[in-house]
1. Where does each of 53-66, 244-257 land if you order them by average Cβ count within 10 Å, highest first?
2. Roughly how many Å is it from the Cα centre of the stretch 142-206 to that of the stretch 339-389, as a whole number?
3. In whole Hz, what ³J(HN,Hα) sequence does the stretch 122-138 give by Karplus (6.51, -1.76, 1.60; θ = phi - 60°), x for Gly and Pro?
4. Can you list residues whose amide H is under 5 Å from LEU341's amide H, if they're 5+ apart or on another chain and H is modeled 1.01 Å from N?
5. Can you spot the lysines whose alpha carbon is less than 21 Å from LYS378's alpha carbon? Ignore those fewer than 8 places along the same chain.
6. Pop a pseudo-label 7 angstrom from the Cα along the beta-carbon direction at both GLU338 and TRP49 and give the gap in nm to one decimal.
7. Let's see if you can work this out: charge +1 on each Lys and Arg Cβ, -1 on each Asp and Glu Cβ, no other charges. What is the dipole magnitude of the chain about its Cα centre, in debye to the nearest 20?
8. As I understand it, the dipole of the chain uses +1 on the Cβ of Lys and Arg and -1 on the Cβ of Asp and Glu, about the Cα centre. Which of VAL318, TRP111, THR329 lies farthest toward its positive end?
Amino acid sequence: MMRRNLTLSAFLIVLAGCAAMPPPPPVCPPCPGVEPAKPAAKPLQPAAWSDLPGWESDDHAAALALFRAECATLAKRPLWLATCESAQKLGAGEAAPAEVRAWFEQNFRPWALTNPDGGREGLVTGYYEPVVRGSRAPRPPYGVPVFGPPDDLIVVELADLYPELKHMRLRGRIEGRKLVPYYSRAEWSAEETRRAGRALLWLDDPVDFFFLQIQGSGQVELADGGRVRIGYADQNGHPYRSIGTWLIERGEIKANEASMQGIKAWAERNPQRLQELLNANPSLVFFRELEATGNGPPGALGVPLTPERSIAVDPRHVPLGSPVWLATTQPNSEPNSEKRLTRLMLAQDTGGAIRGPVRADFYWGSGPAAGALAGRMKQPGRMWVLLPHWHNP
């Protein structure tokens, strides 16, 4: 999935604002009768195992097996080295369920993820890996090109200049001697003809490709019978805008119709306005080709995602690789179902829309059935991140 981006125009505005900012006024005593603003709550609050609803009933061995698999990457980081060494000594397939649960309780400490206002409930959405149809060469009906990162896309790691801007990148292109914003989705459409010879693949449906970009990866069934996976490689630096919100604001659909299925239905009814709809989101994703192996595409941690055990999180608050206890509800035709979904997940991915401590994107797997669940999932939820017992964030 996508890393966090700061648009070039937004970055320049921030710099200009800082340069023009007057010195702060002198600190005065509080005004009578006026309460001072409360400081933001810390995103991680101490918790007890008894706080985690359904903790004792989960398949902890399944989560442990996945944690051990990602230790090939995590063990290189000081935070996880000792815990990964301990995990390798415990036979996940041989230990009794109570023994595996006890291992988690002995090696980790739960922390309740908390919003700045002190609330502990947030939004849980779903994502999946689409399976679309494509070809190696452009021919009917395959006319939608898939591109890798363009040669003229410039990427600046802002943390190299400003450490406080960790996880943020600036993207643009050179025009003369200036770095200017890269092409938006609408502007890029004019580039596709000129760059057609560099396309990786050609797909048959622009709407399917649009939603694949939102998911960040997908599988392509080729016309010759083969199958490949394409994964996120880069982005044009423009902010993501919801086309569902765009349709709602214009009275085209109702709020309860703004699912992936509802948007596709609108597009089928309004083919002449399809490009207008897609251009409402200026963000554009570029891909790389991968082998179609394993249960899922690689996430931000570089580890293949596991259906119904992997989530995308905001890495500013949840370290990648962390076990996370998720308490939410199952998606169905209603906005908020009553069927509980409590499970030990692994924070293995990130996303452009996943912002805030209590925010998660639930990976459902590949194909239409997973897409139906992901498209309907918009549930309230609570989260607890499990960190090594000796670590005090």
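Each reported figure results from applying straightforward, stated rules to the coordinates on display, with no laboratory input. The model shown is predicted, which means the values in this text are computed figures rather than measured ones. Note: ideal-geometry Cβ built from the backbone for every residue, glycine included; neighbour counts use all protein chains shown.
1. Values: 53-66: 17.4, 244-257: 14.1.
Highest mean packing first, the order is 53-66, 244-257.
2. Their Cα centres are 28 Å away from one another.
3. For the stretch 122-138, the Karplus-derived couplings read x, 9, 10, 10, x, 9, 7, 9, x, 10, 10, 9, x, 8, 6, 10, x Hz, x marking Gly and Pro.
4. THR328, THR329, GLN330
5. The qualifying lysines are LYS254, LYS264, LYS339.
6. If labels sit at GLU338 and TRP49, their model points lie 3.1 nm apart.
7. Values: 43 positive and 41 negative charges, 119 e Å.
Roughly 580 debye for the chain.
8. VAL318
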